[in-house]
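Undergrad: To start, I am sharing the structure in question, which I have written as structure tokens.
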Amino acid sequence: MDNNNEARIDKWLWAARIFKTRTVAAAACKKGQVTMKGVALKPSRVIRVGDIIDVRKPPVTWSFRVLQAIERRVGAKLVPEVLENVTPPEQYELLEMSRISGFVGRAKGTGRPTKKDRRTLDDFTEDVPQFFGDFDWEDDDDDDDFPDDEK
């Protein structure tokens, strides 16, 4: 492949520092998180200069225009020569809204709650009144609960 005209999408995403490793970039492609013109790209898809790539990293979908099709990682200072960020302003508003909301979600199955999470849970359950503490769950005389005309 000519290094100036075309490159594999997984290598380009890694080289342009959009993903930390090429494996993560390839996995994102396989999951359908990398698209071009609404079509999901396979990791081996060849891209060219001028293509616009959409990368979904929740809650934002980033859009990049390819300025150089490279397959070797460049320094962070050289990234503006490789890509142009063409993400619409609405996506930045989504990002800001998620930051303001203050919700820090933890992925399912990532382990135990932190100390802060545990304290929050304890405070929440401490405020709940104990309605069922003295309730008799076993009622021996079921027949006395209803009048004769309802039986």
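Read-outs throughout are calculated quantities, based only on the coordinates presented, and are distinct from any laboratory measurement. Here the structure is a predicted model, which means the values were calculated and not measured.
Undergrad: Each residue of region 78-84 in turn: what ³J(HN,Hα) in whole Hz from Karplus with 6.51, -1.76, 1.60 and θ = phi - 60°, glycine and Pro shown as x?
TA: 8, 4, x, 7, 9, 9, 10
Undergrad: Ok, one more. Using alpha-carbon pairs under 8 Å, 6+ residues apart, how would you state the relative contact order of region 6-101 in percent?
TA: Computed over region 6-101, the figure is 28 percent.
Undergrad: On to the next question. Across the Cα atoms of region 6-101, what radius of gyration and what greatest pairwise Cα-Cα distance (Dmax) are found, in Å?
TA: Values for region 6-101 (Cα only, Rg and Dmax): 12.9, 41 Å.
Undergrad: Further, regarding this structure: Filter K31/K115; K11/K37; K31/K116; K20/K116; K20/K57 down to the pairs with a C-alpha to C-alpha distance above 23 Å, please.
TA: Numbers: K31/K115 33 Å; K11/K37 19 Å; K31/K116 33 Å; K20/K116 29 Å; K20/K57 13 Å.
Pairs exceeding 23 Å: K31/K115; K31/K116; K20/K116.
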